[in-house]
1. For the stretch B:87-110, indicate whether the set of residues that are assigned to a helix (DSSP H, G or I), in contact (Cβ under 8 Å) with a residue 60 or more places away in the chain and either within 10 Å of chain A (Cβ to nearest Cβ) or surrounded by 15 or more Cβ atoms within 10 Å (Cβ to Cβ) (or both) is non-empty.
2. Going through A:117, A:150 one at a time, which residue ends up being modelled with pLDDT under 85, over 17 Å from the mean Cα position of the chain (by Cα), closer than 20 Å to residue A:86 by Cβ and surrounded by fewer than 17 Cβ atoms within 10 Å (Cβ to Cβ)?
3. Which of (1) buried (at least 20 other Cβ atoms within 10 Å of the Cβ); (2) free of Cβ contacts under 8 Å to residues at least 60 places away in the same chain; (3) part of a helix (DSSP H, G or I) is the odd one out, the single condition residue A:129 does not satisfy?
4. Could you tell me whether the stretch A:63-79 includes any residue that is within 25 Å of residue A:146 (Cβ to Cβ), at pLDDT below 85, touching a helix residue (DSSP H, G or I) at 6+ places or on another chain (Cβ under 7 Å) and surrounded by 13 or more Cβ atoms within 10 Å (Cβ to Cβ)?
5. Which residue out of B:72, B:50, B:46 is touching a helix residue (DSSP H, G or I) at 6+ places or on another chain (Cβ under 8 Å) and either without any contact (Cβ under 8 Å) to a residue 40 or more places away in the chain or in a helix (DSSP H, G or I) (or both)?
6. Please go through (1) touching a helix residue (DSSP H, G or I) at 6+ places or on another chain (Cβ under 8 Å); (2) modelled with pLDDT of 90 or more; (3) in a helix (DSSP H, G or I) for residue B:21 and return the number of the only condition it doesn't satisfy.
7. Within the stretch A:58-98, how many residues are assigned to a loop (DSSP other than H, G, I, E, B) and over 23 Å from the mean Cα position of the chain (by Cα)?
8. Given the criteria exposed (fewer than 14 other Cβ atoms within 10 Å of the Cβ) and modelled with pLDDT of 95 or more, does residue B:57 qualify?
């Protein structure tokens, strides 16, 4: 009987250890997914290219104001366009990141939210819910087409001259920051940035 | 048919933990939970805010009820879990896969895996409705109960992370 009790206690200890190890492994898988990110799929081809100025579109914000992207450049300000949808979980997770970046870079940058589809009410409710009232929020299919927004969340950075610095699917904070890195380093796409970074790391290693 | 007290107690504490943790998670960011509930589109928009509080209250009631060994809490817990599985299933059928599940942990879209998960959780909690056999409880039983609850919790969390990871992989194809 003693042997059984001892073996039982030992087994429980091992089972706890194993289940915690499985938990840690699944957690690492999740972290790895975030790190490796969808490499190749970031910048979808087509649409405005880096260095080009987006076409003039007449856009209207949710609160009825007209918005022209070239007006920002005329004032010497850059624009971060963040394409989102109220039903996209990743967009929701990234909202605090983009609003924080907008705050940090407010000296030269304005943040504009953009979306297509859905009802106005849905977007208006989302703006209130997420407290995005401080930023222009545009619903426009044309704008999405101009930047070839295929997947959400998607972001595009325009410099102070109104030219596109970089754009792409952004799934993590690192992706959004890479748009700004692109501006600093003068590389045109997130893909290029990532592969340049990978090369750097290889060289360093 | 009766069930051994060790198994009954593991179920009791594991589910009390599940429901109370779920309620706390929702309470921590009730506005977020409200928007998740709204995107499920199963309730009229005007009632979503009240419903969010109601869900939290029900989960707390079930969690506390389980700790107090109330039969109704087991039945209620099973009903709530079946209800979650049903609304997830309904939105899958509607094709609204890409809404946040609101399952706690990392954000993940809906999947059949989540429906299966909730159905299995609902099935297991009904163990609590079976009468408990009476026998003397020794220290080894206490070890089994504590270890069982810890392992159940770790495996549940691991399963959730695997579901979230699988959904992310699918999104990238």
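1. Here is the first cut: in the stretch B:87-110, the ones assigned to a helix (DSSP H, G or I) are B:87-93.
Retained after the next criterion (residues that are in contact (Cβ under 8 Å) with a residue 60 or more places away in the chain): none.
No, the stretch B:87-110 contains no residue that is assigned to a helix (DSSP H, G or I), in contact (Cβ under 8 Å) with a residue 60 or more places away in the chain and either within 10 Å of chain A (Cβ to nearest Cβ) or surrounded by 15 or more Cβ atoms within 10 Å (Cβ to Cβ) (or both).
2. Values: A:150 fails: over 17 Å from the mean Cα position of the chain (by Cα).
After ruling out the rest, the residue left standing is A:117.
3. Among (1) buried (at least 20 other Cβ atoms within 10 Å of the Cβ); (2) free of Cβ contacts under 8 Å to residues at least 60 places away in the same chain; (3) part of a helix (DSSP H, G or I), the lone unmet condition for residue A:129 is (1).
4. Scanning the stretch A:63-79, I find no residue that is within 25 Å of residue A:146 (Cβ to Cβ), at pLDDT below 85, touching a helix residue (DSSP H, G or I) at 6+ places or on another chain (Cβ under 7 Å) and surrounded by 13 or more Cβ atoms within 10 Å (Cβ to Cβ), so the answer is no.
5. Going through B:72, B:50, B:46 in turn, the sole match is B:72.
6. It is condition (1) that residue B:21 fails.
7. Within the stretch A:58-98, the first condition is being assigned to a loop (DSSP other than H, G, I, E, B), and the residues that meet it are A:58, A:62-65, A:68, A:75-77, A:84-88.
Filter once more, keeping what is over 23 Å from the mean Cα position of the chain (by Cα): A:58, A:63-65, A:75-76.
Result for the stretch A:58-98: 6.
8. Details: exposed (fewer than 14 other Cβ atoms within 10 Å of the Cβ): yes; modelled with pLDDT of 95 or more: yes.
Yes: the conditions hold for residue B:57.
The values are calculated or read from the model by the stated rules, or taken from the named source; none is laboratory data. Small disclaimer: the values here were computed from a predicted structure and weren't measured. Backbone-built Cβ (ideal geometry, glycine too); neighbour counts: all protein chains shown.
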